[in-house]
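The values are calculated or read from the model by the stated rules, or taken from the named source; none is laboratory data. Note that the structure is a prediction, hence the values are computed from the model and not measured. So basically every Cβ, Gly included, is an ideal-geometry build from the backbone, and we count neighbours across all protein chains shown.
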Amino acid sequence: MVVRCALLLVMFAWPVHAAEKVTRETMTSAGKTREYFLFVPESVKDRPAPLLVLLHGSGRDGKSLIDPWQRLAEREGIILASPNSADRAGWDLKQDGPYFIADLVNAVRSSHTVDPRRLYIFGHSAGAIQGLMLGLVESEYFAAVAVHAGALEQSAWSMIDLADRKIPLAIWVGTDDRLFPLSAVEATRTALEQKGIPVLLRTIKNHTHDYYKRADDVNREAWEFLKQHALTRDPRFKEYDLK
């Protein structure tokens, strides 16, 4: 019995230890207190590390997206910052970015060593839509964007013209996703590519909208895509009038 209990403690020691590393933080943005979840791997210490901003799906919070990324981030040395949207029902470009995301990045950089040329976004569902739009409006701030289950409505295609840099984008989508049909994702890719924006599209056969069921595979492939890209100069934040 003693041996068995000891074995169980060893088996579960890593997940418990890792869970304790995720912290709930607050910051001020546009005069309001905002909440985000932060994970800083022990492996990064004081060396400049890539920062991955995670944007959650509707009805969830930042913790729900940071958890599936945690082991990969520990192994690869990635700082994770996963904010809560102002309204859990979804993301709003005025309330939740780009100034909000820049405030988030600055909050993390104030206490941790971040490689400024390796700022990335990963989003799921509503967070995927937000991630694509943020990548376009701040194409010289983020190095690359990867999303699961996201597309742009045709009314938002005009935002593509705001991209001063041909920012690399990648989209993962299931062939059985009813919320984001493959046809809608392919139309988004076509609209982006017609403007010179490179898009990697990965379809997952027999996969639905359930990111969490395939999170390990999606995250691993997404990071392989993201880490290939870095800005050739320090990031430039583009100012907008979002009133």
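Numbers for the structure displayed
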| item | result |
| --- | --- |
| Odd one out for E140 among (1) in contact with a Pro (Cβ under 7 Å, 6 or more places away or on another chain); (2) on the phi > 0 side of the Ramachandran plot; (3) not aromatic (F, W, Y) | (2) |
| Hey, D96 under 14 Å from the mean Cα position of the chain (by Cα), assigned to a loop (DSSP other than H, G, I, E, B) and of a type in the set (D, E, K, R) or not | yes |
| Breaking point among (1) part of a helix (DSSP H, G or I); (2) surrounded by 21 or more Cβ atoms within 10 Å (Cβ to Cβ), for L38 | (1) |
| Any hit, the range 114-125, residues being among the aliphatic types (A, V, I, L, M), over 23 Å from E221 (Cα atoms), touching a helix residue (DSSP H, G or I) at 6+ places or on another chain (Cβ under 7 Å) and not in a loop (DSSP other than H, G, I, E, B) | no |
| Failed criterion for K243 (all others in (1) assigned to a loop (DSSP other than H, G, I, E, B); (2) at pLDDT 95 or above hold) | (2) |
| Unmet criterion (only one of (1) over 20 Å from Y120 (Cβ atoms); (2) among the charged types (D, E, K, R); (3) touching a Ser or Thr at 6+ places or on another chain (Cβ under 9 Å)) for K166 | (1) |
| Selected residue (criterion: surrounded by the most Cβ atoms within 10 Å (Cβ to Cβ)) from residues of the range 82-117 that are over 20 Å from G31 (Cα atoms) and touching a residue at least 12 places away in the same chain (Cβ under 8 Å) | V114 |
| Selected residue [within 20 Å of the chain's Cα centre (by Cα) and among the small types (G, A, S)] from A151, A191 | A151 |
